[in-house]
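Read through the structure below, which is laid out as structure tokens, and then see the notes.
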Amino acid sequence: MNYLYMGSGEYARDVLGYITNEEWVPLAVITRPDRPSGRGLRVRPTPVAELAERIRLKLYKPEALDASEFEGLLRSHRPDFVLVCDYGNLIPEGVLSLMPQRFLNLHPSLLPRYRGAAPIRRALMDGASRTGVSLMVMDEGLDTGPVVRALEVEVLPADDAETLRRRLAERGAELIRATVPAYLEGRLRPREQDSGKATYAPPLRKEELYIDWNEPAAEIHNRIRALAPSPGARGRLGGRWIKILRSRPREEVLTLRPGEIVAERGGEMLVGTGRGALQVLLLQPEGRRRMEASEFLRGYRGGKGESFETVSENV
């Protein structure tokens, strides 16, 4: 298949890894420029750029998507279509018009649900039991183009953002292989989305990283899944941050105050919530490695009735 691949984030990297084989090697990869990231604000390439360099694909990192520059890329490579996935910026109408109906976007949700930047995390936060991948023809809107085909994917109870992302990427690659040739040959007609059923998946806000122990245990558990393994949902205990990376709601436990910690026999760590309790399974104290809750409790010096602190949204 003769195509250009446009992507930047971890989901786009996973899709590129799953789809690239002898028949599906992209003519070139287009990604966002290197940007400062992490604690030290070191300039880093995008996840897609790292993979493209490792498997020796031709790579472009334009500062902006300019129609005249993109026209030069199209003349140089002569693709049959452009596959866009988790690029991170809207594609300008002037660029889309260079190949009408040939910019295809793979989005990790069942459109029109979860349009936007964080569909995988938002589905987990909502406690969704099913999500999916949609291949759509791009227009100038935010994930509003007609859908060529979609594939439903079950959200497993043990899923977090990483495991669900990888499975959606794998199924997305399968959807592309099975669908794009038929679409290009005119054997598939895209269907318009029902905008009245649209929901949105905005980017994470800083305050969403902090656990509110007054929420029900099931809602806190879903937040932990959506933020694991990174950046991690967090609470503050004794003035230090603790990321909670894996948990289990225990709604039958009703005797604990929100945030109150109890160490049960057998090394179980329970925290009270607004409804029920949360069993913490995996955590990472500030400045330390990840550990099972039982290991944390062996070194825990907290007294009876100690609680996670209330965290201000302005932290």
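The values are calculated or read from the model by the stated rules, or taken from the named source; none is laboratory data. Nothing here was measured: the structure is a model prediction, and the numbers come from that model. A quick note on method: Cβ atoms are made from the backbone with ideal geometry, for glycine too, and the neighbour counts reach across all protein chains shown. These accessible areas exclude ligands, DNA and RNA; they are computed on the full protein's heavy atoms, side chains included. Shrake-Rupley method; radii C 1.70, N 1.55, O 1.52, S 1.80 Å.
In this entry, the range 70-203 is assigned a mean projected area of 8.2 nm², taken as a quarter of its C-alpha convex hull surface. Using the alpha-carbon atoms, what tilt in degrees (0 to 90, nearest 10) does helix 217-227 show relative to the longest principal axis of the chain? Taking Cα atoms only, the helix is inclined about 40 degrees.
With every protein chain kept in place and ligands, DNA and RNA left out, what is the accessible area per residue of the range 165-315? Probe 1.4 Å, answer in Å². Show your work: numbers first, answer last.
On the way: 8240 Å² over 151 residues.
Counting only protein heavy atoms, the per-residue value for the range 165-315 is 55 Å².
Each Cα pair under 8 Å and six or more residues apart adds its separation to the average, and for the chain the resulting relative contact order is 13 percent.
Within the range 211-315, which trypsin sites (Lys or Arg not before Pro) sit in a loop by DSSP and count at most 16 neighbouring Cβ atoms inside 10 Å? Write down the numbers at each step before the final one.
Numbers: sites: R223, R225, R234, R236, R240, K243, R246, R250, R265, R275, R288, R289, R290, R298, R301, K304; in loops: R265, R288, R289, R290, R301, K304.
Sites meeting the loop and neighbour criteria: R265, R288, R289, R290, R301, K304.
Filter the chymotrypsin sites (Phe, Trp or Tyr not before Pro) in the range 197-272 to those in DSSP coil with at most 14 other Cβ atoms within 10 Å of their Cβ, and list the result. Within the range 197-272, no chymotrypsin sites (Phe, Trp or Tyr not before Pro) qualify (loop, at most 14 other Cβ atoms within 10 Å).
Mean residue ellipticity at 222 nm, helices only, the chain: -7500 deg cm²/dmol; runs of at least 4 DSSP H residues each add -39,500 (n - 2.57), and the sum is divided by the number of residues. Looking at the range 48-116, the GluC sites (Glu not before Pro) that sit in a DSSP loop and have at most 10 other Cβ atoms within 10 Å of their own Cβ are E63.
Of T131, T20, T273, which has the largest mean-square fluctuation in a 10 Å C-alpha GNM of the chain? Ranking T131, T20, T273 by mean-square fluctuation puts T20 first. Bridging of K206 to aspartates and glutamates at a Cα separation below 16 Å is possible for E313, once same-chain residues fewer than 8 apart are set aside.
Each Lys or Arg adds one and each Asp or Glu subtracts one; over the other residues with Cβ under 13 Å from the Cβ of S37, this totals +2.
Here, the range 200-243 is characterised by an Rg to Rh ratio of 0.97, where Rg is the alpha-carbon radius of gyration and Rh the Kirkwood radius. Here the chain is treated as an ellipsoid with the same Cα gyration tensor; its semi-axes, largest first and in whole Å, are 42, 21, 16. Set the Cα radius of gyration of the range 73-148 against 2.2 N^0.38 Å, with N its number of residues, and you get 1.19. For K61, which aspartates and glutamates qualify as cross-link partners when the Cα separation must be under 20 Å and same-chain residues fewer than eight apart are set aside? Answer for K61, where 20 Å is the Cα cut-off: E10, D14, D34, E50, E53, E69, E71, D86, E93, listed by chain and number. Across all Cα pairs in the range 222-275, the calculated P(r) in 10 Å bins from zero up to the longest distance comes to 22, 52, 26, 0 percent per bin.
When both bridge partners sit in the chain, DSSP labels roughly 70% of those beta bridges antiparallel.
Restricting the count to DSSP beta bridges whose residues both fall in the range 188-315, what percent are antiparallel, rounded to a multiple of 5? Mind dumping the intermediate values first?
Working: 23 of 25 bridges.
Roughly 90 percent of the DSSP beta bridges within the range 188-315 come out antiparallel.
The per residue volume of the convex hull around the alpha-carbon atoms of the range 187-315 is 172 Å³.
Taking only the C-alpha atoms of the range 172-247, the Rg (one decimal) and the largest Cα-Cα distance, Dmax (whole number), read 20.1, 63 Å.
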